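Throughout, read-outs are computed from the coordinates displayed, never taken from laboratory work. Since the model is a prediction, treat every value here as computed from it, not as a measurement. We place every Cβ from the backbone using ideal geometry, glycine too, and count neighbours over all the protein chains shown.
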Amino acid sequence: MSLWRFGCRGPGRWAPLLRCCLRGFGSQNKQQDWRTRNKTVLTYVTAAAVGMVGMSYAAVPLYRLYCQATGLGGTAVAGHSSDQIESMKPVTDRIIKITFNADVHAGLNWNFRPQQTEIYLVPGETALAFYKAKNSTDKPVIGISTYNVIPYEAGQYFNKIQCFCFEEQRLNPHEEVDMPVFFFIDPEFADDPKMARVENIMLSYTFFEAREGDKLPLPGYK
């Protein structure tokens, strides 16, 4: 098509038309860039959503590998010998309230709850608590649990002597079991300035469904 049809009868009149055409091309390029960015963002969002679903099922081993024996992320520490426990001296002037929480992943049809809402103890004193789990389905189900301690900074002082975490728990249809947790707060808790205002500690467990036959060995556990 000739530019003369648009009234561009001299070189001076070509410039506005060329600018108009270039703006049109720029607008088309911007629209294409916008569509490309939208598709890219949508791809990332979709991938993230799928990844989060996958991570929920991979949470047990990832959680275990990251937090085991460190107290990081509010994970209780394990691995104390009976000699260490027997030689502990309770800090009788520091009373701590321990509360208990229980959660179940959406993919597991279990009724899981603590049998006590709270107990009181002092650093250097052992305590025994119980959780109860019931399989509400008509088929055998294997569950496995993670746990953490709140506030997270207290995790390094929360020592579990015995518990059901990271171990497969097989429950038959409608079977109900008691799950004990034997633990203590390290006496060094009372000497840490960061723990000076901590009077309440929560122990929280979350149960996931596990595939039968999977093994999750724990470093430091026998």
So what's the projected area for region 89-181, the Cα convex hull averaged over all directions, in nm²?
6.4 nm²
In region 135-218, what GluC sites (Glu not before Pro) fall in a loop by DSSP, with at most 10 other Cβ atoms inside 10 Å?
Glu199, Glu212
Sparsely packed trypsin sites (Lys or Arg not before Pro) within region 129-216, loop by DSSP, other Cβ within 10 Å at most 14:
Arg197, Arg211, Lys215
